[in-house]
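K.L.:
Dropping the structure in here first, questions after.
Every number here is computed from the coordinates shown, using simple stated rules; none is lab data. Predicted model, so just to flag it, every value in this text is computed and none were measured. Glycine gets a Cβ as well: all are built from the backbone with ideal geometry, and neighbour counts include every protein chain shown.
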Amino acid sequence: MNYKKLALAALLAVCGTLAATAAFAAGADLGNAQKQETNWHAIVMFVIFVGITLGITYWAAKKNKTAADFYAAGGGITGFQNGLAIAGDYMSAASFLGISALVYGSGFDGLIFSVGWLVGWPIILFLIAERLRNLGKYTFADVASYRLAQGPVRIFSATGALIVVIFYLIGQMVGAGQLIKLLFGLDYLMAVIVVGALMMVYVTFGGMTATTWVQIIKACMLLGGATFIALGVLSNFGFSFEALFTKAVEVHPKKGAIMAPGSLVTNPVDAISLGLTLMFGTAGLPHILMRFFTVPNAKEARKSVFYATGFIGYFYILTFIIGFGAITMVLTNPEYIITAGKLDLKGGNNMAAVWLAHAIGGNLFLGFISAVAFATILAVVSGLTLAGASAISHDLYASVFARGRSTEGTEVMVSKFASLGLGVIAVILGVIFEKQNVAFIVALTFSIAASATFPVLVMSMFSKSLTTRGAVIGGYIGLVGSVGCVILSKVVWVSSFGFKDPIFPFVYPTLFTMPAAFLACYVFSIMDNSERGQKERAAYPAQAIRSETGLGAEGAAAH
Amino acid sequence: MKQAQHCQVTHDKITANPKFQELVKKRTAFSWTLSVVMLAIYFGFILLIAYGKSFLGQSLSGGVTTVGFPIGVGVILSAIALTGIYVRRANTEFDELNRQILEEAR
């Protein structure tokens, strides 16, 4: 354990973000990259993307008048548009480059993560989406605190949301820094500042409208680019998967092993806990939940999940083809690999998809894919920043600090300053974390979402016995438990802090912390005989009517 | 106050409407059933990966393609299909029932 790590841990604790300096081999981080030659094609295409999105931001800024416009794009996004935007919010550069790299490195195992990241969506649809839309206005805390005490529930929700947002932002920032070295041949610091500055502009001036359109454009670019690569691969093999796989097995150093599950999942407890984390974590991410308030009604909310699931599932199938394409077309080309017969790619294995784009479409297409990868980060960070800013302005400021006495104007103003603040924090943390292993972030953020946010949200919708006391105690048990277990697990305790053995033996805590949170929510609610608790239980039938029928929800996001 | 009373009347009407009970019962049953199906498919896949490596690794039809691939892609497609099934029924049958309930509560 060295001083630098100690100092970093202390700094984080000061930041109030529960120092969690860990590393977890999720297979979807971007690692440390080598700076490459300056890539002008990529830079020009990225500048075009930025130009278009700034134009949209200008248009959105003129349209933005009310709080509903700022937080929820006035509720005027259609199901199809929202489906694309959700996909744009969810498909990160790490999943595009990381999963195709995972498939490139070990074949079949790559599927395990893609599948896990997809199967949360049906659950969101079946249990959450329409109820969320019917009960909430701008943030998921609106729903959790619908009939409970505003203060404690919103403070809990905002705490969970902000920890998730800040760590997710760190991951994206570090990813952006590594990508810019790799793809554009520019400096790490420049990437972090460019991303921070642009996201502040999008969110502060354009609010949810601009954020949504940035996500839609990015989703189209990413899906289009990935489709083109996949078609390029398949046409090379006469559109025969058997031919593609035969060649892959022939040239890959692991031979036939790439066609079966390998060592990624061995311990069944870890496997199930990983599954729960990926599945239910998606259903508790604040920036994802926020997207459901941008559509006019429950019907469109449902449609958005169907389209989003379709786009995301299609995208994961593409990354799989891309990974195998990289085995057959990149691994065999001495231009891209360091030593013949070995997997190591120039610039690191996350370059698999990028080098494949070069093999298929030359420098110009490589530039396009690089620009898309960078644009992807911008779309994700904008969504995150808006979610974090809303937690600060709508939940903490308007409902807790001003106790509902603030005006819409001041609330939006607070939100804009919060976006700027989050942007600055993200840039600073992005610089601090440059040399750190950020792979733990997936485990941390998804575990919090699955163990703290998701249980409280589901209980608030489905349990008539839930009271404020139960929700808050259960929620904090899930929050503290998941953060604590991730810190004590191998990825932080051993990899970052340098201890010999982990105290928590598994990688993901969700198998234990999620049921604990549900149980605590329930037990402490039924034990709650306070007057407040009884009033809250008595308010459930009215909530259920609105939740089921949408009665009273039509005017929620008034235009 | 008047608003609150009006609200209470509407709520009582809705609660008393057998269609509301029907909607809640049907939709709850449908959404939990589909959730359980999704959970079963996904955790079945995870357990196969943990315990059935040799099964997933065997050749599908004599070639290099293994049984694991159609199963993995099948899980992805099943997620899309299940959301489609839910949206279809919810946007027609349930929404119609919902519309009637709100109409009758006026």
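K.L.:
Taking segment A:230-261 as the region of interest, how many residues are of a type in the set (Ser, Thr, Tyr) and crowded, with 21+ Cβ neighbours inside 10 Å?
P.N.:
Count: 0.
K.L.:
Also, quick follow-up: Just name the residue that is nearest to B:Leu82 (Cα to Cα) out of those in segment B:38-54 that are at the interface with another protein chain (Cβ under 7 Å from one of its Cβ atoms) and either crowded, with 19+ Cβ neighbours inside 10 Å or of a type in the set (Gly, Ala, Ser) (or both).
P.N.:
Among them, the one singled out is B:Met38.
K.L.:
Kindly indicate whether A:Ala257 is more than 25 Å from A:Phe518 (Cα to Cα) and either at the interface with another protein chain (Cβ under 9 Å from one of its Cβ atoms) or out of contact with any Phe, Trp or Tyr (no Cβ under 9 Å at 6 or more places or on another chain) (or both).
P.N.:
The answer is yes for A:Ala257.
K.L.:
For segment A:478-511, give me the residue count where each residue is among the hydrophobic types (A, V, I, L, M, F, W, C) and in contact (Cβ under 8 Å) with a residue 60 or more places away in the chain.
P.N.:
12
K.L.:
Any chance you could count how many residues in segment A:75-109 are part of a helix (DSSP H, G or I), within 21 Å of A:Gln172 (Cβ to Cβ) and not β-branched (Val, Ile, Thr)?
P.N.:
Selection size over segment A:75-109: 15.
K.L.:
With the structure loaded, tell me whether A:Ala375 is under 15 Å from A:Thr211 (Cα atoms), in a helix (DSSP H, G or I) and not charged (D, E, K, R) or whether it fails that test.
P.N.:
yes
K.L.:
Another one. I'm trying to understand the selection: among the residues of segment B:51-76, which are in a loop (DSSP other than H, G, I, E, B) and in contact with a Leu (Cβ under 8 Å, 6 or more places away or on another chain)?
P.N.:
B:Val67, the sole residue that qualifies.
K.L.:
Do we have A:Ile52 as in contact (Cβ under 8 Å) with a residue 40 or more places away in the chain, among the β-branched types (Val, Ile, Thr) and surrounded by fewer than 15 Cβ atoms within 10 Å (Cβ to Cβ) here?
P.N.:
Yes.
K.L.:
How many residues does segment A:279-311 contain that are over 26 Å from A:Ala141 (Cα atoms) and either more than 13 Å from chain B (Cβ to nearest Cβ) or not small (Gly, Ala, Ser) (or both)?
P.N.:
Of the residues in that region, 1 qualify.
K.L.:
State all residues of segment A:96-118 that are within 14 Å of chain B (Cβ to nearest Cβ) and either more than 30 Å from A:Asn297 (Cα to Cα) or among the charged types (D, E, K, R) (or both); if no residue qualifies, say none.
P.N.:
A:Ile99, A:Leu102, A:Val103, A:Ser106, A:Gly107, A:Phe108, A:Asp109, A:Gly110, A:Leu111, A:Ile112, A:Phe113
K.L.:
Can you pull out the residues in segment B:55-106 that are aliphatic (A, V, I, L, M), touching a Lys or Arg at 6+ places or on another chain (Cβ under 6 Å) and facing chain A (nearest Cβ under 7 Å)?
P.N.:
Correct list: B:Val87, B:Ala90, B:Ile101.
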